[in-house]
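Working notes for the structure below.
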């Protein structure tokens, strides 16, 4: 009995396929932030990108890949003072595809360098928003616990108020 042809893995096909499909999926993935599924690129954006790459002396490229799994590893016996290392089974490739801005010909990720005060301030504000969102669940738990006991921490209330202000201002822009 002949085996059925192996079905192509959708993640492998995405990583090796048409970059426009990857862009379409990136826009769709950002649909909750941008419901119209678009990114507007202005002349100012192009100039800023080119100036940043020029300043860093980088040739940008985009890497689209599915991270590989780990190969199996046989156990290593103890030798001398070195402990034994247990073996492990192989792990499959990761269940996702990564799209990364890299330096051409390498896998070195490009980190943006802001070239003007306005972009630097925007970057700093976005970092504050990410920090406020990351800390919000733990902060809310602390405040709820303090509410149950009736003993409030002024620093926790101040931190929560500052986080709320940061998040509120993020929707004004």
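Coordinate-derived values only; no laboratory data. Worth saying up front: this structure is predicted, and the values here are computed from it rather than measured. Using ideal geometry, Cβ is built from the backbone for each residue, glycine included, and neighbour counts are taken over all protein chains shown.
Details
- Residues within the reach of a label modelled at residue 104 (point 7 angstrom out along Cα to beta-carbon, backbone nitrogen below 14 Å), restricted to segment 48-62, are 50, 53-54, 57-62.
- Over the residues of the chain, the helix contribution to mean residue ellipticity at 222 nm works out to -15500 deg cm²/dmol, using -39500 (n - 2.57) for each DSSP H run of at least 4.
- Whole-Å distance, taken between Cα centres, linking segment 67-99 and segment 14-36: 32
- The chain: C-alpha gyration tensor shape, a/c 1.5 cut-off, then a/b vs b/c: oblate
- Nearest-0.05 FRET efficiency for residue 39 and residue 65, computed from C-beta distance (R0 35 Å): 0.95
- Packing rank of 18-29, 44-55, where each peptide gets the mean count of other beta carbons within 10 Å, highest leading: 44-55, 18-29
- Projected area averaged over orientations for segment 116-173, convex hull of C-alpha atoms, nm²: 4.3
- Segment 1-93 shape via C-alpha gyration tensor axes, a/c threshold 1.5: oblate
- Residue exposure proxy: 169, 82, ordered by other Cβ atoms within 10 angstrom of their Cβ from fewest to most, comes out as 82, 169.
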